[in-house]
Every structure is written in C-alpha cells, then in structure tokens.
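Novice: One structure, pasted below without further comment.
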Amino acid sequence: MIPRLVERGYDRNYAVSLVACSSVLALLIPPSASMIIFGWVTNTSITALFLAPILPGFLLIMLFMFWNRVLTRNMPIKAPEPVGFVDAAKIASVKAKRAAFGLAMPLIILGCIYGGVTTPTEAAAIAVVYAIPVGFLIYRDLNWKSFYDIVWKSAQTSGVLMVLIFFASMLARLFTMENVPQDMMGSFLAVTENKILLLLMINLFLVVIGMFMDDVSGILLVSPMLLPIMLKLGVDPIHFGAIVAVNLGMGLITPPTAPILYFAAMVGGVKLGGILKPTLVFVLFAYLPVVLLTTFLPDLSMALPRLILGLE
C-alpha cells in the first residue's frame, strides 16, 4: 500500500505512519486472533469477544478518516482517473469473479461461528480444508513446495504459540497461588479507591505492556492477572476483552518503544523520526479517545453482544 500511496502524492513518512497505525485495527475487527487467545485464557465466549471490539474499531476508523483528511490537506494528492458507472461495474464484476473464492473464506469462518454451527477452532479447520483446493485448483498459487513451506511455517507458529500458552498457564496458576491479583489490587487501592482512577491506572499499565510486547504475549501475561481485579470493579469479562484489545493496540504504536512503528519504518524505508509526528496525532486524537470511551462507556463494547447473542 505504501508505494501506491506515494504514487498518489502522499508523503512517504506519512504513508508509513498511516499504514502502521491502521494495521493495529486487526486486533479489533473479527476474526481477531488476539480475542481468541483472550477468550481461551479467561474462559470467555470467543463469539462475544469477536463482537465486543467492533464498534470501538469502527469509531477508530472514523477518527482515522477525519485526521487523514486534516493531515493531508496540503499534500499534492492526485485523485484516481474518473471511470463511468458502466465501466466501473464491468471492472468490479471481473474482479469480483476473480476474488469470489477468496472472499468466501471469511464468510465461511464468521458464518459458521455466528450461526452456531461450529466453534472458532472448527471454523478454522473448515477454512483450511476449503483453502487447499482453492489454492491448488482455482488460483493455482499453491504448489507442493509452497504447500510444504506453508504447513511447516504454520507448525512452527502453532508450536511457539502453544509453548507460550503452556507457560502462561503456569504463570497464571502461580499468580493465583501467590495472590498476585489481590496484591496488585491492594497496591492500587493504596493509591486510591476511586473506580475511575483505578481504571485509568489499569489502562496505563496495559499501554505500557503493549509498548514492550506483541498482542498475544501481552494478553497471555496480563489477562489472568487483571481479570480478578476487573471483576471486583464490576467490569464484565467481555468488556474487559475490548479494553485489552484497544489498549494493547495503542501500545504497539506508542513511542518510545512502539514495535509496530520500528517494523513499519524498516519496511517503508524511512527513519523512525520522520513518522513520529503523524503517529502522535493518531495516538492522541484517535486512539486515546477510543480507549477512554471503550473503558468508561461499557455499552460501546457490550451493545453488539447483547443485541446478537442476547447477553444481559
């Protein structure tokens, strides 16, 4: 996307920042791997967790669109060549036919999960079984060598993830045995008993964790530790999942650590200093308001689970 943005007149530093900040939306829009991990660790409904961050995610998208308009007003952006309705329909028809089998995969995954046909794990297995013949026979992008490489890399990723989960489970059990959540709650209450201030402190803690860890590692570490505290504060586990998602997402692009920014700068071929200014605008005036609204307006994350799943 970055080369295409630059071709259209976007400043390269800004394009890298925009793509980096937008990439974190993957934590919020289903099917989100981080929400699957959170649901597994906290024994919370994954279907409900898929739904909880959607409205915060769309609010974030709207704020990104607004600030993108503001920040690019002086850039020499070239509009796409105008295309008539008939020509546009023909182009869309051709591309839709080409993409139809690929676009069917998320529909299969989400349809199976939200339709109550399968669990998320079973839906993933169905998607794999569907993807193999499509890759070999329809798109012909797969061959036996690339298929072997994909299976091998998937096994490596799954193996690493299972090791992380295994040790995170041990850590969670140790936290429980050593009363770490209670001690943390006591430390927080020693500072203040105000629920709003306590939630702000927890949010700050989550952002700091996100600055140093990827989303999966952060969830495995903090979820079992903070869940008892959030329950004591009267926060629903589903609501807590949305809070974790937006906070860890913001942490990934928050200087000075910001692992996603370093990676984006490397991929985009720019220096980190050049992308900090637009990133700070997105963090302070898009992400931070969404974090606060998600934390202190439970209906924002609970509306869809209540509407679709009938939760109270």
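Novice: In the chain, how does Rg compare with the Kirkwood Rh, expressed as the Rg/Rh ratio over alpha carbon atoms? Walk me through the numbers before you get to the answer.
Specialist: Values: Rg = 21.4 Å, Rh = 21.6 Å.
Taking Rg over the Kirkwood Rh, I get 0.99.
Novice: I would also like to ask the following. As a test of the definition: which semi-axes, in Å, follow for segment 180-312 when you take the square root of five times each eigenvalue of its alpha carbon gyration tensor? Largest first, please.
Specialist: Working: eigenvalues 158, 65, 37 Å².
Listed largest to smallest, the semi-axes of segment 180-312 are 28, 18, 14 Å.
Novice: Moving on. Run the Debye formula on the Cα coordinates of segment 14-55, all scatterers equal and no solvent, and tell me log10 I(q)/I(0) at q = 0.17, 0.19, 0.25, 0.26 1/Å.
Specialist: Log10 of I(q)/I(0), two decimals: -0.48, -0.56, -0.76, -0.80.
Novice: Rounded to whole Å and ordered largest first, report the semi-axes of the equivalent ellipsoid of segment 233-286 derived from its Cα gyration tensor (root of 5λ). Each step should come with its number before you reach the end.
Specialist: Details: eigenvalues 159, 26, 11 Å².
So the three semi-axes of segment 233-286 are 28, 11, 7 Å.
Novice: I've got another one for you. For a protection proxy built on the mean count of beta-carbon atoms within 10 angstrom, sort 79-92, 246-259 highest first, please. Please report the intermediate quantities before stating the final value.
Specialist: On the way: 79-92: 9.0, 246-259: 22.5.
With the highest mean Cβ count within 10 Å placed first, the list reads 246-259, 79-92.
Novice: Between V117 and K277, with labels modelled 7 Å along Cα→Cβ, what's the label distance in nm to one decimal, could you check?
Specialist: Here the modelled spin labels are 5.1 nm apart.
Novice: Cα axis of helix 272-282 to longest principal axis of the chain: angle in degrees, 0 to 90, nearest 10?
Specialist: Roughly 70 degrees, rounded to the nearest 10.
Novice: From the C-alpha gyration tensor of segment 1-98, pull out the three semi-axes of the equivalent ellipsoid (sqrt of 5λ each), sorted largest to smallest, in whole Å.
Specialist: Ellipsoid half-lengths, sorted descending, are 33, 21, 12 Å.
Novice: A further question follows. For S93 and K145 in the same chain, what is the full-extension length gain: residue separation times 0.36 nm, less their Cα-Cα distance, in nm?
Specialist: Here the segment from S93 to K145 would lengthen by 15.5 nm.
Novice: How far is helix 195-212 tilted, in degrees, relative to the longest principal axis of the Cα atoms in the chain, given as a value from 0 to 90 rounded to the nearest 10?
Specialist: Its long axis makes an angle of about 50 degrees.
Novice: Moving on. Any idea how far apart L110 and K232 come out in nm if each label point goes 7 Å out from Cα toward Cβ?
Specialist: So the two model labels end up 3.8 nm from each other.
Novice: Oh, and also: Calculate how steeply helix 259-268 sits against the longest principal axis of the alpha-carbon atoms of the chain, using the helix alpha-carbon long axis, and give the answer as 0 to 90 degrees to the nearest 10.
Specialist: Roughly 20 degrees, rounded to the nearest 10.
Novice: I'd like to compare 36-43, 188-195, 116-123: which one has the highest average count of other Cβ atoms within 10 Å, and what's the full order after that? Present the calculation step by step, with values, prior to reporting the outcome.
Specialist: Numbers: 36-43: 20.0, 188-195: 11.6, 116-123: 14.5.
Highest to lowest by the protection proxy: 36-43, 116-123, 188-195.
Novice: Right, another one. Give me the distance in nm between label points sitting 7 Å out from Cα along the Cα-to-Cβ direction at F166 and E7, one decimal.
Specialist: Going by the 7 Å Cα→Cβ label model, 4.7 nm.
Novice: Follow-up question, since we're still on this one. State, as an integer percentage, the relative contact order of the chain based on alpha-carbon contacts under 8 Å between residues 6 or more apart. Intermediate values should be presented prior to the final figure.
Specialist: Details: 305 pairs, mean separation 99.5, N = 312.
Relative contact order here is 32 percent.
Where a number appears in this text, it was derived from the coordinates with a stated rule and is not lab data. This structure is a prediction, so every number in the text was calculated from the model and none was measured. Every residue, glycine among them, receives a Cβ derived from its backbone with ideal geometry; neighbour counts consider all protein chains shown.
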